[in-house]
Amino acid sequence: MHHVLKEVDLEDHELADYVASVLTQFVRQQPGANSNAREAFFYAVDVLGEIECADFHNRFYLVSSLGNSALILTGVFPDHIEYRAKMKAAPNLNYYESIGSAQFHAASSHNLAQTYHLDRIYSTLSNSFSSVRSALNEMKERLIFLGSPHTACSFELNNATLLDFESC
């Protein structure tokens with residue numbers, strides 16, 4: 001992760017460790033054999049509504065989780081986002097980038113970000129969301145084959161929680 005971030009002029013070991021951790025968590029999340037994978041999916045607008053009503057601790061968790069989800073979605077599955085946007089089945093990449101950046105901005109200014117020493121990382125993610133996403137895109141292109149954008153949904157349903165995939 002450090003090498004691809006360095007290529008987009010973000011030479012920051014803590015940021016690289018954070019993004020690698022988010023990516024690792026994403027890969028490890030798999031619905032159990034008896035779970036309904038569709039229950040794990042959500043729409044960004046639903047989470048934004050929850051954020052408005054959330055208490056102090058839950059607000060921090062929700063904004064950072066939504067930022068992380070937007071980062072993984074745009075960083076690992078940009079082709080699928082664009083395919084779905086062309087089919088008018090989901091928003092485009094810019095929408096998810098703006099959601100991710102805004103949520104990391106909100107997380108960076110939350111008191112718990114300072115408590116957990118994440119304020120600087122979240123601020124960097126907010127200000128450089130597109131660059132970090134591009135670094136993840138590059139890493140994915142080098143290391144991972146997910147199939148065509150048409151088949152990406154089946155991979156996602158079997159491996160993780162993402163945004164806007166209710167209608168796959």
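I'm trying to understand the selection: among the residues of the stretch 59-113, which are among the aliphatic types (A, V, I, L, M), part of a loop (DSSP other than H, G, I, E, B) and crowded, with 18+ Cβ neighbours inside 10 Å?
Within the stretch 59-113, ALA90 is the sole residue that qualifies.
Identify, by number, the condition in (1) in contact with a Ser or Thr (Cβ under 8 Å, 6 or more places away or on another chain); (2) touching a residue at least 40 places away in the same chain (Cβ under 8 Å) that LEU93 doesn't meet.
Here LEU93 clears every test but (2).
Looking only at the stretch 40-52, filter to residues that are modelled with pLDDT of 80 or more and crowded, with 16+ Cβ neighbours inside 10 Å; which one of those is nearest to ARG133 (Cα to Cα)?
VAL47
Given the conditions (1) of a type outside the set (A, V, I, L, M, F, W, C); (2) over 22 Å from VAL8 (Cβ atoms); (3) at pLDDT below 95; (4) surrounded by 17 or more Cβ atoms within 10 Å (Cβ to Cβ), report the number of the one that ASN137 does not fulfil.
If we test ASN137 against (1) of a type outside the set (A, V, I, L, M, F, W, C); (2) over 22 Å from VAL8 (Cβ atoms); (3) at pLDDT below 95; (4) surrounded by 17 or more Cβ atoms within 10 Å (Cβ to Cβ), just (2) comes out false.
Name the one entry in LEU73, LEU112 that is in contact with a strand residue (DSSP E or B) (Cβ under 8 Å, 6 or more places away or on another chain) and hydrophobic (A, V, I, L, M, F, W, C).
Step by step, each of LEU73, LEU112 is checked, and only LEU73 is in contact with a strand residue (DSSP E or B) (Cβ under 8 Å, 6 or more places away or on another chain) and hydrophobic (A, V, I, L, M, F, W, C).
Pick from the stretch 3-39 the residues that are over 19 Å from SER123 (Cβ atoms) and buried (at least 16 other Cβ atoms within 10 Å of the Cβ): which of them is modelled with the highest pLDDT?
LEU23
The values are calculated or read from the model by the stated rules, or taken from the named source; none is laboratory data. Predicted, not measured: the structure shown is a model, and the values here were computed from it. Note that we place each Cβ from the backbone using ideal geometry, even for glycine, and neighbour counts take in every protein chain shown.
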